[in-house]
1. What order do you get for A:ARG198, A:ARG83 when you list them from fewest to most C-beta neighbours inside 10 Å?
2. When each copy gets a label point 7 Å from Cα toward the beta-carbon at B:SER206, what are the spacings between them in nm, shortest first?
3. For the stretch A:134-284, what log10 I(q)/I(0) values come out of the Debye formula at q = 0.16, 0.19, 0.20 1/Å, with one point per alpha carbon and no solvent?
4. Compute the Kirkwood hydrodynamic radius of the stretch A:59-171, taking the inverse of the mean of 1/r over all pairs of distinct Cα atoms, and give it in Å to one decimal.
5. Once Rh is set to the Kirkwood radius over Cα pairs, what Stokes-Einstein translational diffusion coefficient, in µm²/s, holds for the stretch B:80-138 at a temperature of 4 °C and a viscosity of 1.567 mPa s?
6. At B:GLU194, label 7 Å along Cα→Cβ: distances to the other copies, nm, ascending?
7. Taking only the alpha-carbon positions of the stretch B:11-121 and ignoring solvent, what does the Debye formula give for the base-10 log of I(q)/I(0) at q = 0.15, 0.24 Å⁻¹?
8. Counting only DSSP beta bridges with both residues in chain B, what percent are antiparallel, rounded to the nearest 5?
There are 2 protein chains.
Amino acid sequence: MPNISYVDGVYQNYENSKININDRGYHFGDSVYEVILFNEGIFYDFEGHINRLFGSLNAINIKFHLSKISLKIIISNLIKINRISFGSVYIQVSRGIAERNHSYKGMNIKPLLSIIVNKKLNNINNKLNGVKAITLDDNRWSRPDIKTTQLLPNVLAKTEANKKGAFEGIFIDSDGYVTEGSSSNIWIINYNNEIITRAIDGQILSGITRKTVAQFAKLNGLIVKEEKFKKEELYKSKEVFLTSASSFVTPIIKVDDIEINDGKIGQMSIDLRNLYFSELHNYQ
Amino acid sequence: MPNISYVDGVYQNYENSKININDRGYHFGDSVYEVILFNEGIFYDFEGHINRLFGSLNAINIKFHLSKISLKIIISNLIKINRISFGSVYIQVSRGIAERNHSYKGMNIKPLLSIIVNKKLNNINNKLNGVKAITLDDNRWSRPDIKTTQLLPNVLAKTEANKKGAFEGIFIDSDGYVTEGSSSNIWIINYNNEIITRAIDGQILSGITRKTVAQFAKLNGLIVKEEKFKKEELYKSKEVFLTSASSFVTPIIKVDDIEINDGKIGQMSIDLRNLYFSELHNYQ
């Protein structure tokens with residue numbers, strides 16, 4: 001566990017890192033967040049994450065008082081204090097502290113920023129394992145495109161997956177199409193070697209790793225299509241993988257009871273993962 | 001504002017009432033809550049609220065360590081300490097404190113109980129005002145029947161209502177039927193003097209005040225029907241009102257741009273409100 005967190009302007013020991021009981025993030029899930037990885041002082045796609053954070057704040061009308069530059073200084077400082085070389089930083093901004101009332105109209109409150117830094121095992125060069133996934137009905141609210149802390153459906157999906165020995169729960173919309181994972185974007189590769197992931201159509205989060213992987217793949221001459229696909233197509237794909245800030249590119253070798261690629265990690269998924277790591281530093 | 005709150009076994013001054021930054025209620029909205037009113041030592045429907053709290057905990061698989069009796073003692077004690085005669089008590093139970101991870105599988109954590117007591121103006125005998133409401137698409141997750149802190153859609157709906165000069169936002173499902181208000185149940189009275197509210201069909205919260213009002217109405221020979229109705233029926237109703245723990249029975253005199261009962265409070269709504277207050281003490 002980390003030693004020092006940041007809460008509303010104050011650096012605190014982990015055990016003493018507390019937020020007020022009347023924080024609207026606690027009462028209402030009235031807050032947004034980001035997770036960013038870093039390695040030896042270099043962030044993975046910092047701009048992408050911070051721009052999305054400000055987009056989320058704007059989407060639910062939270063007027064944040066800090067600039068992107070100030071935020072970067074605070075985050076970098078916290079990482080230094082914690083002396084972590086490879087890890088993740090969790091950033092949450094809630095609307096602020098106020099006596100409990102659903103409506104925030106006329107409330108003159110200051111958004112509350114909290115940051116936690118976690119050490120991560122640097123397993124980038126370890127042997128890559130494929131993971132299992134299950135599918136579930138997408139039962140989230142209508143704005144999964146905003147990165148808010150309305151995450152109970154995701155919590156329940158991920159836990160159900162884990163209980164069934166799987167790593168990820170994949171949400172299926174009411175028309176039978178894959179939306180995204182509980183904490184990742186989902187991709188398939190068909191037998192024409194086309195790499196396919198759902199478009200940013202309001203029903204999924206605009207994944208930062210998703211965007212970067214698509215960009216790198218295209219730069220390397222691979223075909224990337226952004227279109228939705230059904231659960232049955234997922235089952236019949238040549239390869240399936242997920243992307244997320246903390247899982248990078250991770251192959252999925254089984255979905256529900258169906259083995260993908262005979263339960264083996266596909267070569268294109270491995271290539272894309274390696275591409276992600278090798279190219280990333282060029283684009284910082 | 002209240003002086004003393006209760007957080008995880010400790011009674012604290014309001015300003016010092018804090019929860020750990022890693023509380024899952026804060027990170028994920030992984031928590032449930034209740035609001036109960038009290039007056040001169042008597043709770044409004046305590047059993048109903050506490051039973052629903054335990055039902056909510058059960059629905060999202062939080063294993064709470066306190067009994068209903070222990071909880072009542074803690075709540076009563078907190079009210080006494082704060083020396084409030086008429087007010088509301090807010091009770092929240094989160095899954096507990098843990099390093100951030102969507103899945104709670106295998107986590108051995110203790111649920112965290114926090115309680116806030118608020119003084120309320122005793123305006124039961126004041127002149128009753130009708131309120132305005134607006135309608136909005138119901139964009140919540142699929143389990144609004146569980147009283148969780150997944151409340152951002154409700155927050156946004158209530159704020160939008162307030163910004164338009166209205167008191168409540170009424171959710172309309174994708175088939176055009178009224179589900180419920182952002183923090184209330186919605187009722188209509190038709191020209192046959194039938195009192196109608198949506199059945200407990202999984203798409204609404206099982207309102208405690210809703211249940212009590214229905215019970216009292218039936219006991220007094222009124223016709224209560226539990227069935228869903230469309231937005232257009234709402235517009236054309238003889239009377240419209242809402243029920244909630246903190247608003248009791250409150251007449252709605254305008255929905256969107258449509259005046260109900262020529263914009264005047266209807267007599268049956270007044271009667272039901274008075275019935276609620278007069279009968280409630282008999283059923284404690």
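Throughout, read-outs are computed from the coordinates displayed, never taken from laboratory work. Here the structure is a predicted model, which is why all the values come from computation and not from measurement. Methodologically, a virtual Cβ is constructed for each residue, glycine included, from the backbone with ideal geometry; neighbour enumeration extends over all protein chains shown.
1. A:ARG83, A:ARG198
2. Distances between equivalent label points, in nm: 4.2.
3. Debye output, listed in q order: -0.83, -1.19, -1.32.
4. Values: mean 1/r = 0.0567 Å⁻¹.
One over the average 1/r among Cα pairs gives 17.6 Å for the stretch A:59-171.
5. 80 µm²/s
6. 5.4
7. Debye output, listed in q order: -0.67, -1.39.
8. Values: 45 of 56 bridges.
For chain B, the DSSP antiparallel bridge percentage is about 80.
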